[in-house]
Amino acid sequence: MLPKQEVIAMILAGGQGSRLGVLTRTNAKPAVPYGGKYRIIDFPLSNCANSGIETVGVLTQYQPLELNEYIGTGQPWDLDSMNAGVRVLPPYQRSSGSDWYKGTANAIYQNIPYIERYDPEYVVILSGDHIYKMDYSKMVAYHKEHNAACTIAVLDVPLAEASRFGILNTKPDGTVYEFDEKPAHPKSTLASMGIYVFTWKKLRKFLELDEADPNSSNDFGKNVLPAMLNAGEHLVAYPFEGYWKDVGTIDSLWESNMDLLNPNVPLDLSDESWKIYSRNPAMPPHYVSRDAKVQNSLIAEGTNVYGTIDFAVLFAGVYIAPGAVVRDSIIMPGARVEEGAVVQYAIVAENAVIGKDAVVGQRPEDMEKKDEWGVAVVGPNCVIEPGTVVAPKAMVAAQTKPAEEAAK
Amino acid sequence: MNGNNILGIIFANIHDEKVRELTETRTMASVPFGGRYRLIDFTLSNMVNSGINKVGVITKSNYQSLMDHLGSGKAWDLSRKRDGLFILPPFSSGPVAYNSRIESLSSIMRFLNHSSEEFVILSDSDFVCNLDLKDVLDSHIKSEADVTVLYRYGRIPEKYGEPMSFDVDPDGMVRDALVSPHIEGACNYSIPVILLRRELLITMISDCVSRNLYDFTRDFIQRNIGQYRFHGYEFTGYIHSICSMNDYFEANMELMDPKVRAELFNSARPIYTKVRDDMPARYGLGSEISNSLVADGCVIEGTVENCVLFRGVHIGKGAHVRNCVIMQDTQIGENCKLDYVIMDKDVTIKDERSLMGFQSYPVFISKASVV
């Protein structure tokens with residue numbers, strides 16, 4: 001029997017993230033690179049480690065290879081202790097009733113045996129696709145103080161945007177009395193962040209009830225939480241202040257990277273007391289040449305800059321050739337921008353090559369038809385031939401080899 | 001497959017006096033270098049990249065920073081159940097700590113006896129290079145030599161520590177060795193890396209000790225050249241020995257050369273170091289930078305030219321920093337003017353300060369000073 005853990009965390013990391021298009025074609029969303037040296041999952045993992053949660057399950061399903069490899073033993077996050085640590089939990093076959101994870105709640109349901117091994121009092125449910133820094137131990141303390149069955153972290157959003165979120169209507173003491181999923185006329189501006197603390201005994205009961213209901217879509221937000229509310233359980237909202245962003249779309253991923261360049265955005269990744277840990281590549285410091293021009297940018301190690309960059313996030317091992325221009329863009333690990341190429345408002349994925357004099361993306365102010373504007377995306381390993389133009393909002397994938405085509 | 005039957009031994013306190021300023025509070029091995037490294041990272045990574053699983057680091061004094069840097073050896077994959085990293089501090093029954101390599105090797109006799117590796121590589125830690133030790137072993141075995149010494153053809157660098165020159169015959173065997181020779185022009189000068197069988201090392205060390213001979217170059221190498229077969233391995237790649245503060249400065253500046261970086265940081269044989277989990281370097285509005293090497297965690301708001309910036313350095317607005325080596329977490333205030341300055345860790349340069357050195361004499365600001 002393993003030593004008891006009072007609190008354990010489960011990170012939902014199995015979704016396809018189809019809205020990220022080519023970026024998640026062969027890679028799970030939580031493993032998508034972010035912020036020059038991180039991957040999205042570094043945020044919940046580091047938050048867990050910094051909050052003192054030592055037992056973390058990561059539920060994977062879609063394209064898990066890169067994510068599994070990245071998490072490894074959990075050593076970069078100090079999650080490799082003897083009796084606790086991070087575990088990757090894929091769906092598995094059993095003697096009867098095997099299935100993929102049918103929904104977020106089902107994913108946890110299928111892993112009840114994992115959770116029970118630690119005999120926890122509380123289980124924290126997290127998403128693998130949010131960028132934020134949060135002390136979960138404070139949220140657990142709040143949960144205990146309010147003697148709740150479930151505590152839901154909420155963010156106060158502008159009223160105009162409230163209809164994009166799941167909204168919680170609460171009494172003055174924070175008790176939730178109603179859920180409003182993307183309401184047309186929101187009554188409140190408290191949006192659910194998809195971060196929950198459950199009292200494990202209660203959650204287990206409702207997961208089993210949910211599983212027994214053939215009409216349920218086995219989702220926390222749609223099924224389990226409303227069921228708990230209807231059964232009269234005590235649900236409370238935990239107000240979170242600070243930076244939080246769901247990076248599930250190309251635009252939000254791009255924006256969130258750009259937020260790191262804005263000194264007015266409250267997301268400080270250099271905070272000694274709340275470090276975001278990641279797997280570090282063994283590369284030398286980055287080099288900026290004599291003729292390079294660098295402003296308002298974030299540059300990781302192993303990168304060589306010979307061209308001009310402004311409002312750019314350059315990951316490790318990137319090469320920006322002389323005469324190349326990169327503005328308002330994200331260049332992921334190992335990508336190359338060759339001489340004379342111009343990359344604007346774009347995401348260039350891992351190991352992609354932008355050929356000589358190619359043009360990727362465009363500034364919105366240079367566009368005639370403003371509604372056709374968007375962030376251009378060049379997929380992983382994609383080679384843009386010299387002189388090619390990649391239109392704004394376009395998404396280019398690497399050429400699949402004829403052999404792969406034939407196999408389909 | 002890893003594991004090539006070699007035991008690595010690194011001398012951490014070697015020629016400390018050559019860079020007195022930098023080694024006041026640390027060993028030569030833990031002198032910061034190249035924006036994110038310590039000198040020992042090069043030798044240690046060379047060993048690990050060649051499949052060595054067991055490394056002993058011999059320390060003498062001031063090795064707190066070295067132990068802090070090495071930790072369990074995890075960053076070099078040397079935190080292992082079988083073998084791994086061993087820090088070997090002074091161990092002596094007498095009152096004096098050892099002074100020479102021979103004394104220190106004789107004090108770790110138990111460690112040498114209890115190791116099972118067939119070969120030993122002895123290396124100093126006062127140089128930077130990316131060296132394929134597998135190739136050294138292959139050539140050692142092929143030459144059927146007893147001992148392989150490394151050398152390089154060229155002029156002996158100024159102030160080189162314990163230089164030797166080798167007379168090497170066409171078969172690569174060393175015929176003669178001179179200690180601290182007065183040679184104008186090029187010769188085969190020694191690189192402080194030696195490969196030999198572990199059993200032979202034990203025999204040779206015992207022999208020196210029993211005769212009260214403690215000079216490594218004269219008694220261990222020169223005296224034995226007739227007795228054992230010495231093979232010379234010529235290293236032709238990039239190497240820079242740190243023999244003086246000027247050397248230290250120059251070696252840092254040479255990293256701006258793409259050829260030097262490509263060779264030293266060869267991605268097939270990476271140089272590992274302790275990880276700090278800093279965020280990527282951030283450039284502010286109006287920052288200007290040229291020909292510089294910048295590590296993670298730096299924040300640059302001023303002008304930087306021909307500099308090596310270590311992790312967590314902050315360059316204030318309006319500051320103009322040229323030809324500087326700035327170590328970890330040093331803060332440069334607003335509107336400072338700095339030229340040819342080496343700043344150790346945690347230095348604070350307050351706003352509006354000016355400091356000027358010269359190429360042949362960079363100013364040195366010691367650890368945690370406030371200017």
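Bear in mind that the values in this text are calculations on the coordinates, not laboratory data. A quick note: this is a predicted structure, and the numbers were derived from the prediction, not measured. Cβ atoms come from the backbone with ideal geometry, glycine included; neighbour counts cover every protein chain shown.
Taking other Cβ atoms within 10 Å as a rough exposure proxy, B:Val147, B:Val260 sort from fewest to most as B:Val260, B:Val147.
Compute, for segment B:3-264, the length of the dipole vector about the Cα centre, with Cβ point charges of +1 (Lys, Arg) and -1 (Asp, Glu) only. Units Debye, rounded to 20.
Values: 27 positive and 35 negative charges, 164 e Å.
For this selection, approximately 780 debye.
Take every DSSP beta bridge with both residues inside chain A and express the antiparallel ones as a percent of the total, to the nearest 5.
30 percent
Projecting the Cα atoms of A:Tyr92, A:Asn218, B:Tyr228 onto the dipole axis of the protein assembly as shown, where Lys and Arg carry +1 and Asp and Glu carry -1 at the beta carbon, places A:Tyr92 farthest toward the positive end.
Between the alpha-carbon centers of segment A:106-133 and segment A:226-255, tell me the distance in whole angstrom. Cα centres, segment A:106-133 to segment A:226-255: 16 Å. Rounded to the nearest Å, what's the spacing between the alpha carbon centres of segment B:297-318 and segment B:1-34? Just the number, please. With segment B:297-318 and segment B:1-34 each reduced to a Cα centre, they are spaced 27 Å. In plain terms, the residue of B:Met327, A:Met82 with the fewest other Cβ atoms within 10 Å comes first and the most crowded comes last, giving A:Met82, B:Met327. Apply the Kirkwood formula to the protein assembly as shown: the hydrodynamic radius equals the inverse of the mean of 1/r over all pairs of different alpha-carbon atoms; give it in Å with one decimal. After inverting the pairwise mean of 1/r, the radius is 29.2 Å.
Counted by neighbouring Cβ atoms within 10 Å, the residues A:Tyr132, B:Tyr283 run from fewest to most as A:Tyr132, B:Tyr283. Relative contact order for chain A: 13 percent, from Cα pairs under 8 Å spaced at least 6 residues apart, divided by residue count.
Pairs of Cα atoms nearer than 8 Å and 6+ residues apart set the relative contact order; for segment A:27-172 it is 26 percent. Each helix, a run of at least 4 DSSP H residues, gives -39500 (n - 2.57); summed and divided by the residues of chain A, these come to -5000 deg cm²/dmol at 222 nm. Neighbours of B:Asp257 by Cβ distance under 13 Å: Lys/Arg scored +1, Asp/Glu scored -1, total 0.
Counting Lys and Arg as +1 and Asp and Glu as -1, each charge on the Cβ, what is the dipole of the protein assembly as shown about the Cα centre in debye, to the nearest 20?
980 debye
Segment B:225-270 to segment A:301-325: how many Å between their Cα centroids? After rounding, the separation between the Cα centres reads 28 Å. The helix-only estimate of mean residue ellipticity at 222 nm for chain B, built from DSSP H runs of length n ≥ 4 each weighted as -39500 (n - 2.57), is -5500 deg cm²/dmol after division by the residue total. All distinct Cα pairs of segment B:282-365 go into the 1/r average, and the inverse of that average, the Kirkwood radius, is 12.0 Å. For B:Lys350, what charge total do you get from the other residues with a beta carbon under 13 Å from its beta carbon, if Lys and Arg give +1 and Asp and Glu give -1? Result for the local shell: -1. Placing a label point 7 Å from the Cα of B:Lys134 along the Cα-to-Cβ direction, the residues of segment B:46-69 whose backbone N falls under 15 Å of that point are B:46-53. Ignoring aspartates and glutamates fewer than eight residues from A:Lys138 along the same chain, the ones with Cα atoms less than 13 angstrom from its Cα are A:Glu241. Cα axis of helix A:200-212 to longest principal axis of chain A: angle in degrees, 0 to 90, nearest 10? With both axes taken from Cα atoms, the answer is about 80 degrees. With each label modelled as a point 7 angstrom along the Cα→C-beta vector, the B:Lys74-A:Glu368 pair spans 5.9 nm.
Within 10 Å of the Cβ of each residue in B:266-279, the mean number of Cβ atoms contributed by other protein chains is 5. Taking the Cα centre of chain A as origin and assigning +1 to Lys and Arg Cβ atoms and -1 to Asp and Glu Cβ atoms, the resulting dipole is close to 480 debye. Under the classification rounded if a/c is under 1.5, otherwise prolate if a/b is larger than b/c and oblate if not, where does segment B:3-264 fall, given a ≥ b ≥ c as square roots of the Cα gyration tensor eigenvalues? Rounded, since a/c falls under 1.5. Between 0 and 90 degrees, the angle of helix B:198-210 with respect to the longest Cα principal axis of chain B falls at about 80 degrees.
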